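**Student:** Below is the structure I would like to discuss, written out as structure tokens.
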Amino acid sequence: MDWTLFQQLFVNGIITGSRYGALGVGFGLILGVTGRFHFAYSISYVVTAYAAIIAADHGVPLLPALVVGLAAGAVLAMLIEGFVYRPLQSSAPTMALLAIFISSLGLVIVGQNLIRLEWGSRSKLLDTGFTVEGLSIGESTFTSLDVVMVCVLWAVILGVWALIRFTQPGKMISAVRVNPEMARVVGIDSGRVYLAVFAIGSTVAGVVALLSAMKYAALPDMGGQPTFLAFVVAFLAGVGAGPLRAGLTGLVVGMAESLSGLWLSSQWSPVVVFSLLFLYVAVKPLSLGVTLPTIARRLRTAGAR
Amino acid sequence: MGHEDNYWIRRMGSGRLTRRRFVGGAALLGVGGAGLALVGCGDDDSTSKTPTAAGGGGATDVSSLKKLLDLPTGAAAGEGLTINVGAVLALSESGSYYGGIMSKGIDLAVEQIKALGGPTFKITYKDHKSGNAEAGAAAARELGIAKTPLCLASYGADIGSMLAGIEQYKMLTLDGGGGTGTAFQKKPYFYGTRAITPDDTFPGVYQYVTAKLPNVKKVQLVYWDLPEELINPSVELLKAALAKNKLEYLGLEKAPIGTNDFSTLLARLKQKNADMLHMAVYGLDPGFLMKQLDTSGINAVVMGSEFTPDAAKVAGASYNKYMFAYDFFDIDAPSNPWGKLFVDSFKKKYPDVVPDFYAANFYENMFTTWEIVRRVIAKKGDVNSGDQLNAALQEKTVFPSVYGGDSAKAGVIAIDKDTHTVSKRSMGVFKIKDGKPAMAASFDIGGADFKLVG
């Protein structure tokens, strides 16, 4: 094995995995608490980046512009929950899952094209506020922005974990996640909790969006792949898993994708993520108390029949 | 569904949402929406809008073109005729920038042709949604059903999806966006009007490398993740060009299409220790790749196959290390008077838009279309007959061009009758100086007329 390549891919994996982890935390929080398949997560992602850039272009200093972006993404998510998902859930509860999924896809299509219509399809850049420098550890290279990205994202992941674990609102969120009916009985307004969860989840996505816009650029369709990855991480971590587990799962996914470069050409990287998902879906049922010797015995006896 | 099933009526009925609150909320939403619209006004990119001939500026005096292009007048020019032309472009999705800029080139040409006494070209724009095969096939079918005899296409006839319709409806089609590539040559009624990249650039590029980059001995090819049948011809041509110049071919590394994260690719490239990376990646990808390559520890020379202002914006200062080679239209230094007139008139008509080579290609293609129509008129033929238009093109496959030429005369583009791709097309190797392309060498197909510049 080429150790120099391994080191570089390992470093890349930490950076990529941190992004995936944060995305998974936000998406998983929404999915785990509300049960909503919020594919329009991607449009909150895009709106956050665009709102920050437009605010900065209009002379707002960088940090307030970032706050404007995060607020825009969070507000949009809450509006989607309040005015799109909730009416659908209320009107047709038995069909809500599918209806919400389809409506969220529609929102993505409409949202992306509205952004293109208004602001064009060319890339938009977000200033980092500092000079990005190349750094290295041994033969591995990365940038100062990568360091900031990893630190900020893990701070966000830990922040969400601490919010859920130690604060009153966090306990309310956990209560609604575990048993919405019981939570309602004890006086927790699940409607408000849902709104809060959408806001928090989209804010987490927004942080990733802002960092991505700084590292790469903002584009109307920049939210698609992150949303897919967020779903994969949330699914692998387990719907309802805590932020730490989702974050670590994202790190593992990112690391696996990056380290696959030791053997595979880079165009196969997305396949690695799909493969992890496939393996999980295939192997998961086997984890329900079925051991490997049992599997082997069943295969042998199936052949005998 | 009764009233009791409606979420909003139940909320209003429960008293939690009163009429006053609802109206107040709607008013707030309206004010907020208006505020958002105001913030969004005045964007610097209007290329995503539906194509329209209306521009912000005035028209340019184009009378000089009559002499420069030796244009006839009156009936011979097609005066008074209305001719339908289809334009199948990326008008939505990720490639909508290209469709927008191409349509501006078309609209400018239509306006100028009319001013020069030519026919009214009625353009029907169709959207192939940035490479959607069904959309391309549907566009060709719809244009064919409408008996449109002429078409301008992009993305290599939308990655070949239009070819069946083009042949079925005998619609003479020029592609100044993707050209024919290697896969779509010799197709009936379909012609590429730009160089195949990177294939057509290899001979000229490696003459340049031998002359000016003597330290380059080992070359690594980086290619978009396309089907093997599209890549393999390029690999063989590159090997031949390298062998001729006694350089070593290290291998092929495929890059995912349309990604912004090249970290894995760059990690693998670093191990190759190449002296030069020859890249066949397009759109914004070169910009993202250069930005990340700058801090990756890779010191190889980078030779790309495309330059767009948007990719340059993404890459920032790291693009100063980027070189590229293809039939690039230099808007800051047009090579002939027609090219200069194109740039001046484009900027006048669209003051907020920077012209690029795609706009130049489609502008030029409309004039090529006009010349083909004039040839049919000269033979008293039917300008709506695809067969006659095709025959007129085949009769003489040389046309004036905004590329090449010199300070006194327009350049020339020639199309091969057999392959339907260009056999003569000015290309160059370009460096980036102060963020702008500067020609370092010029050459033609096959490396002909190679000349170092500057």
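The values are calculated or read from the model by the stated rules, or taken from the named source; none is laboratory data. Note that the structure is predicted; figures quoted are calculated from it, not measured. Using ideal geometry, Cβ is built from the backbone for each residue, glycine included, and neighbour counts are taken over all protein chains shown.
**Student:** For the subset of segment A:132-147 comprising residues that are hydrophobic (A, V, I, L, M, F, W, C) and touching a residue at least 24 places away in the same chain (Cβ under 8 Å), which member is farthest from the other protein chains (Cβ to nearest Cβ)?
**Tutor:** Among those that are hydrophobic (A, V, I, L, M, F, W, C) and touching a residue at least 24 places away in the same chain (Cβ under 8 Å), it is A:Ile137.
**Student:** Which one is surrounded by the most Cβ atoms within 10 Å (Cβ to Cβ), of the residues in segment A:86-102 that are touching a residue at least 60 places away in the same chain (Cβ under 8 Å) and touching a helix residue (DSSP H, G or I) at 6+ places or on another chain (Cβ under 8 Å)?
**Tutor:** A:Ile100
**Student:** Then there is this: Checking B:Glu306 against (1) in the same structural domain as B:Ala146 (by TED's automatic domain parsing); (2) in a loop (DSSP other than H, G, I, E, B), only one condition comes out false. Which one?
**Tutor:** In the conditions (1) in the same structural domain as B:Ala146 (by TED's automatic domain parsing); (2) in a loop (DSSP other than H, G, I, E, B), B:Glu306 misses (1) alone.
**Student:** Also, quick follow-up: Pick from A:Gly224, A:Gly206, A:Gly240: which is at positive phi, touching a residue at least 24 places away in the same chain (Cβ under 8 Å) and assigned by TED's automatic domain parsing to the domain that holds A:Leu117?
**Tutor:** Going through A:Gly224, A:Gly206, A:Gly240 in turn, just one is at positive phi, touching a residue at least 24 places away in the same chain (Cβ under 8 Å) and assigned by TED's automatic domain parsing to the domain that holds A:Leu117: A:Gly240.
**Student:** I'm told B:Leu341 meets every condition in (1) surrounded by fewer than 21 Cβ atoms within 10 Å (Cβ to Cβ); (2) within 29 Å of B:Val216 (Cα to Cα) except one. Can you identify the failing condition by its number?
**Tutor:** B:Leu341 satisfies every listed condition except (2).
**Student:** Report, by residue number, each residue of segment B:299-321 that is within 14 Å of chain A (Cβ to nearest Cβ), closer than 23 Å to B:Val219 by Cα and either touching a residue at least 40 places away in the same chain (Cβ under 8 Å) or touching a Cys at 6+ places or on another chain (Cβ under 8 Å) (or both).
**Tutor:** Within segment B:299-321, B:Tyr319, B:Lys321 qualify.
**Student:** Moving on. With respect to A:Ile109, is the statement that it is modelled with pLDDT of 90 or more, within 11 Å of chain B (Cβ to nearest Cβ) and out of contact with any Gly (no Cβ under 8 Å at 6 or more places or on another chain) true?
**Tutor:** yes
**Student:** Let me ask something else. Exactly one of (1) in contact with a helix residue (DSSP H, G or I) (Cβ under 7 Å, 6 or more places away or on another chain); (2) surrounded by fewer than 21 Cβ atoms within 10 Å (Cβ to Cβ); (3) at pLDDT 95 or above is unmet by B:Pro256. Its number?
**Tutor:** (3)
**Student:** If you check B:Ser442, B:Ser423, B:Ser407, which single one turns out to be hydroxyl-bearing (Ser, Thr, Tyr) and either buried (at least 24 other Cβ atoms within 10 Å of the Cβ) or in a loop (DSSP other than H, G, I, E, B) (or both)?
**Tutor:** So the residue among B:Ser442, B:Ser423, B:Ser407 that is hydroxyl-bearing (Ser, Thr, Tyr) and either buried (at least 24 other Cβ atoms within 10 Å of the Cβ) or in a loop (DSSP other than H, G, I, E, B) (or both) is B:Ser407.
**Student:** Can you tell me which of A:Gly28, A:Gly24, A:Gly32 is more than 9 Å from chain B (Cβ to nearest Cβ), in contact with a Leu (Cβ under 9 Å, 6 or more places away or on another chain) and not acidic (Asp, Glu)?
**Tutor:** Answer to the selection: A:Gly24.
**Student:** Scan segment B:403-417 and give yes if some residue there is touching a helix residue (DSSP H, G or I) at 6+ places or on another chain (Cβ under 9 Å) and closer than 30 Å to A:Gly120 by Cα, otherwise no.
**Tutor:** yes
**Student:** Of the residues in segment A:209-265, how many are within 12 Å of chain B (Cβ to nearest Cβ), small (Gly, Ala, Ser) and outside any helix (DSSP H, G or I)?
**Tutor:** Total meeting the criteria: 3.
**Student:** I've got another one for you. Can you tell me which of A:Leu259, A:Leu251 is under 30 Å from B:Gly287 (Cβ atoms), within 13 Å of the chain's Cα centre (by Cα) and in contact (Cβ under 8 Å) with a residue 24 or more places away in the chain?
**Tutor:** Testing whether each residue is under 30 Å from B:Gly287 (Cβ atoms), within 13 Å of the chain's Cα centre (by Cα) and in contact (Cβ under 8 Å) with a residue 24 or more places away in the chain leaves just A:Leu251.
**Student:** Here is a follow-up. Here is a check on your reading of the model: is A:Pro180 at pLDDT below 90, farther than 26 Å from A:Gly250 by Cβ and either in contact with a Gly (Cβ under 6 Å, 6 or more places away or on another chain) or buried (at least 16 other Cβ atoms within 10 Å of the Cβ) (or both)?
**Tutor:** Here the answer is yes, as A:Pro180 does meet what is asked.
**Student:** Evaluate the following for B:Leu293: is it surrounded by fewer than 23 Cβ atoms within 10 Å (Cβ to Cβ) and either more than 8 Å from chain A (Cβ to nearest Cβ) or within 18 Å of B:Phe430 (Cβ to Cβ) (or both)?
**Tutor:** No, not satisfied.
**Student:** Quick one: is B:Ala75 over 26 Å from the mean Cα position of the chain (by Cα) and more than 14 Å from every other protein chain (Cβ to nearest Cβ)?
**Tutor:** Yes; evaluated as a whole, the condition is true for this residue.
**Student:** Of the conditions (1) in a helix (DSSP H, G or I); (2) modelled with pLDDT under 55; (3) surrounded by 11 or more Cβ atoms within 10 Å (Cβ to Cβ), B:Gly30 satisfies every one except a single condition; which number is it?
**Tutor:** For B:Gly30, the failing item is (3).
**Student:** Next up: Taking segment B:349-372, which residues are in contact with a helix residue (DSSP H, G or I) (Cβ under 9 Å, 6 or more places away or on another chain), of a type outside the set (Asp, Glu) and more than 22 Å from B:Lys186 (Cα to Cα)?
**Tutor:** Of everything in segment B:349-372, those that are in contact with a helix residue (DSSP H, G or I) (Cβ under 9 Å, 6 or more places away or on another chain), of a type outside the set (Asp, Glu) and more than 22 Å from B:Lys186 (Cα to Cα) turn out to be B:Lys349, B:Tyr350, B:Val353, B:Val354, B:Pro355, B:Tyr358, B:Ala359, B:Ala360, B:Tyr363, B:Phe367, B:Trp370.
Okay, residues lined up against (1) more than 20 Å from B:Phe184 (Cβ to Cβ); (2) out of contact with any Pro (no Cβ under 7 Å at 6 or more places or on another chain):
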residue	(1), (2)
B:Asp406	yes, yes
B:Val412	yes, no
B:Asp418	no, yes
B:Thr421	no, yes
B:Arg425	no, yes
B:Gly428	yes, yes
B:Lys431	yes, yes
B:Asp444	yes, yes
B:Leu452	yes, yes
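**Student:** Do you know which residues across segment B:267-279 are surrounded by fewer than 23 Cβ atoms within 10 Å (Cβ to Cβ) and either among the hydroxyl-bearing types (Ser, Thr, Tyr) or within 14 Å of another protein chain (Cβ to nearest Cβ) (or both)?
**Tutor:** Passing the criteria: B:Arg268, B:Lys270, B:Gln271, B:Lys272, B:Asn273, B:Leu277.
**Student:** To continue, here is another question. State all residues of segment B:388-404 that are part of a helix (DSSP H, G or I) and in contact with a Phe, Trp or Tyr (Cβ under 9 Å, 6 or more places away or on another chain); if no residue qualifies, say none.
**Tutor:** B:Leu389, B:Asn390, B:Leu393
**Student:** Can you pull out every residue in segment B:228-256 that is part of a strand (DSSP E or B) and either more than 14 Å from every other protein chain (Cβ to nearest Cβ) or of a type in the set (A, V, I, L, M, F, W, C) (or both)?
**Tutor:** Selection gives B:Glu248, B:Tyr249, B:Leu250, B:Leu252, B:Ala255.
**Student:** Hey, any hits in segment B:260-272 for a residue that's under 21 Å from A:Val11 (Cβ atoms) and within 23 Å of the chain's Cα centre (by Cα)?
**Tutor:** Yes, segment B:260-272 contains at least one residue that is under 21 Å from A:Val11 (Cβ atoms) and within 23 Å of the chain's Cα centre (by Cα).
One line per residue, one yes/no per condition, for (1) more than 14 Å from chain A (Cβ to nearest Cβ); (2) out of contact with any Gly (no Cβ under 6 Å at 6 or more places or on another chain); (3) surrounded by fewer than 24 Cβ atoms within 10 Å (Cβ to Cβ):
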{"residue": "B:Gly283", "(1), (2), (3)": "no, yes, yes"}
{"residue": "B:Leu289", "(1), (2), (3)": "no, yes, no"}
{"residue": "B:Met323", "(1), (2), (3)": "yes, yes, yes"}
{"residue": "B:Asp332", "(1), (2), (3)": "yes, yes, yes"}
